[in-house]
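These notes are about the structure you will find just below.
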Amino acid sequence: RETESSSNKNDSVQDATSVLLADVDLLKEQNHSNMANHTKTETNDTDHAIESSSSNPDLLSTNSLDIKSHSETNASKPPMTYTVCNGLSNQLLGHAAYIANAAESARELLIPDAFIVNGVQNEKEGNTLKNVLSSKDNSLPLSDIIDTDNLLKKLKTLGVNARLEPFDQVVARTSTINPKSCKWLKTLLAANPQIVREVLLSFKPSSAFSVLIDTNLGNMLHRVGDTASLSDGICLHHRDGQDWKEHCKQWENIRDNVWRKNCLNDRGLPLHELVKNRIPEKSPKSWIYYIGDEDPSNELIEKFESIGINLINRHRDGLVRNEDIAKIVHLENISTATHRDLFSLVDFFTCAEIKNFIGNSVSSFSTNQIALRNGMDSSWYNSRSIPMATIFSAYNIPIVYTYTEESQAGGKTLLKASILSVRGAFGITTNIHILYHGTKDKVFLNWLDGNGVTVHNHEPAWLDTIEEMRLNGDPEKSHLFLHKGNYIGTWQRIDIPLFLNAEYVLFLDCDTIVSTAFGMQDFGLEITPGVAASEEFNEQDNIPRNMGVALLNVPKLRETHAEFLQFIRSHVKNPLFKGGNISDQGAYLEFYERDDNMRFLDRTFNVKPYWKQPRHFAERKVVHFHGLKPHDILKIWLKYPANSFPKALLHLVATVTKEESVSTLCLVMHDFSKYIVRDVNNLNDHCGAQFEKDGEEKIDICIKFWTALAKEDEASLGSCVDRLL
């Protein structure tokens, strides 16, 4: 639940550590349940307080998206209503959660037409803070604050038949009920996160507040400069008040073996340094709209000026006046002590108009802002996990690839299939980036643009160094030393922090296929502070070895970028790293192992075709065709002789020819087939590139095999070799 000391000097937003402090016993129960469901991870999942719901059991009776199937049974039931409580962020999430459940149950819904203007939780009830419900003294009609006409229209498109419960009726109802009846967290856990996010996006300020927010934005940009735009800056939400620190101290010391050490500034570093490390060199920013527990101090403003950023605050800089807000709601006087959430509302919707966001991932204000952006264009200065993600899985992370036009042609066809698999798993909800070296392949560049991939023109400053390193390498140790383009391509990822605006990204090699969607909730609470990589050949070990799929903490990589490059240059004469590793993989593993910045990435994010454990295949999120590519496995099934494969791969050839490997191989080959056939031209190019030397007959077999396999049902794959070859 959100808490905020009324003694704070500024009209800062209310926030949520007490969400995580409440009902610790139930919190533990939820966490233990998640541990049972995710034993494959090294860290515990959620630590949020989950309350049981008794007032509206119908809201939690279903989680199906088949709205029509419920219409007959639920249409005759009376309209359902619900209770929201506390500050702005809790109210928005509460509305969104209950509305999302209504969408799934096809029940008519009464939306409480009440907005709590001061939802500060100051009273304790046992070990938890008492909910603040709406009353005539602390609330105004929601329709005065939010554009409810637009909201109701949007909800109809989601299948929700809703109307407003009159204000007087709402406050009369809530005056007779127990504050514990506000069950928004349990409801949020049961709701479909995509619908919840759609509802959050449907909340727009009323026409009067829209004018005020436009004025706020206009005055802010005018203060920055006549040529300023909303893309030049950042919305920064900073929690640093004494009450926040007290709540963090309590939250971080709950004795339930759950990791929660990211409530304050990452590693105790100054805020301006943390923000600097969250701004890509290729996308500099000149101003910040600052939302904090207090007005920014002169010292803080000077520190940001030292890194070239103008810090702007609504209250300190007089962008809108208190009386301007009071006039909209027909009040003579308002203050942060009595109407805190009206000020929060102005900041919230102002912030939502700014593309780039940096916040605190433990704060509900920040997590709502990140959710509005679907996890994109967002980072958090406290780093590590988003605790709310284990209840509200609306936080995706960007996917990033690298590519050079100097690489071998076959890699491009694999890359296209991989990109299409990301789109297949996530649709357009996740941003795909590629660091692209070259300018000549206009056809491919157009293809990338057509598939919504953000292309970053990559002209590495280290090309000569890496070429010298390649020439000093031993081809007997790795085939990568044989091809200039392929070798360059392996190193391109070191420049990811120069381009990407994100807290975390998942890097994928071109020979990967995303099998199912995932999000921040799947990486655990103790997410890596630097780099996470998985095992390579031995699927039983918990040692990071393979960087073909890598979870990257972008601000940490940006902070260490210059030092990392210097470390790489020190290996030019002898391009071998710790453990005999070569190339950038060896460099990452050795360099980021220092200072405890390397973690193990769950195996389901890097499943190799030659692995054996059924669970890894059943729960696979990303398949990585490490060593043997799909066409190599197909050639093995076509009985190609051993001398058709590089010597370095012969041990894998022997592994996958075993009979017990066929069923799992069919699974991952099926994953690949779905996306190689999605683009017919790419399918033809792929088979042509890999079988051209063997004649048209083999090319035709390749095309027919992938086409037939893609039509198969995964549940009945069995031995696809016997049926299709």
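The values are calculated or read from the model by the stated rules, or taken from the named source; none is laboratory data. Because the structure is a prediction, the values reported are computed rather than measured. Cβ sites come from the backbone with ideal geometry, for glycine too, and all protein chains shown count toward neighbours. Side chains included, ligands, DNA and RNA excluded: accessible areas come from the protein's heavy atoms. Shrake-Rupley method; radii C 1.70, N 1.55, O 1.52, S 1.80 Å.
Please verify whether Ser663 is more than 30 Å from Glu476 (Cα to Cα), in contact (Cβ under 8 Å) with a residue 24 or more places away in the chain, open to solvent by less than 30 Å² (accessible area, probe 1.4 Å) and within 35 Å of the chain's Cα centre (by Cα), treating the condition exactly as stated. Answer is no for this residue. Applying the set (1) open to solvent by less than 30 Å² (accessible area, probe 1.4 Å); (2) at positive phi; (3) among the small types (Gly, Ala, Ser) to Gly586 leaves exactly one unmet item: (2).
Applying the criterion of being more than 38 Å from the chain's Cα centre (by Cα) and assigned to a helix (DSSP H, G or I) to the residues of segment 637-651, the residue that is farthest from Pro475 (Cα to Cα) is Trp637. The criterion of being more than 19 Å from Gly548 (Cα to Cα), modelled with pLDDT of 90 or more and in contact with a Cys (Cβ under 7 Å, 6 or more places away or on another chain) does not hold for Leu638. Applying the criterion of being farther than 11 Å from Asn451 by Cα and of a type in the set (S, T, N, Q) to the residues of segment 422-436, the residue that is modelled with the lowest pLDDT is Thr429.
Selection of segment 145-165 for residues being assigned to a loop (DSSP other than H, G, I, E, B) and open to solvent by 50 Å² or more (accessible area, probe 1.4 Å) yields Asp147, Asn161. Considering Ile370, Ile428, Ile397, Ile432, the condition of being within 20 Å of Ile279 (Cα to Cα), under 22 Å from the mean Cα position of the chain (by Cα), surrounded by fewer than 22 Cβ atoms within 10 Å (Cβ to Cβ) and not small (Gly, Ala, Ser) is satisfied by Ile432 alone. If you filter segment 480-539 down to residues that are in a helix (DSSP H, G or I) and among the β-branched types (Val, Ile, Thr), you find that the one that is most open to solvent (accessible area, probe 1.4 Å) is Thr490. Within segment 58-82, being surrounded by 24 or more Cβ atoms within 10 Å (Cβ to Cβ), at pLDDT 90 or above and out of contact with any Gly (no Cβ under 8 Å at 6 or more places or on another chain) holds for no residue. Could you please let me know if Ile301 is open to solvent by 10 Å² or more (accessible area, probe 1.4 Å), closer than 18 Å to Tyr381 by Cα and in contact with a Leu (Cβ under 9 Å, 6 or more places away or on another chain)? It is true that Ile301 is open to solvent by 10 Å² or more (accessible area, probe 1.4 Å), closer than 18 Å to Tyr381 by Cα and in contact with a Leu (Cβ under 9 Å, 6 or more places away or on another chain). Is it the case that segment 388-396 has a residue that's within 24 Å of Leu463 (Cα to Cα) and of a type in the set (Phe, Trp, Tyr)? The answer is no, given that none of the residues of segment 388-396 is within 24 Å of Leu463 (Cα to Cα) and of a type in the set (Phe, Trp, Tyr).
Whether a residue is among the β-branched types (Val, Ile, Thr), over 30 Å from Pro630 (Cα atoms) and either surrounded by 19 or more Cβ atoms within 10 Å (Cβ to Cβ) or at pLDDT 95 or above (or both) was assessed, and Ile568 passes this test. For segment 211-235, the candidate set comprises residues that are open to solvent by less than 40 Å² (accessible area, probe 1.4 Å) and over 20 Å from Ser286 (Cα atoms); within that set, the residue that is nearest to the chain's Cα centre (by Cα) is Ile213. Cβ separations smaller than 6 Å between residues 6+ apart or across chains give no pair from segment 685-711 residues that are of a type in the set (Ser, Thr, Tyr) to residues that are modelled with pLDDT under 95 and not in a helix (DSSP H, G or I).
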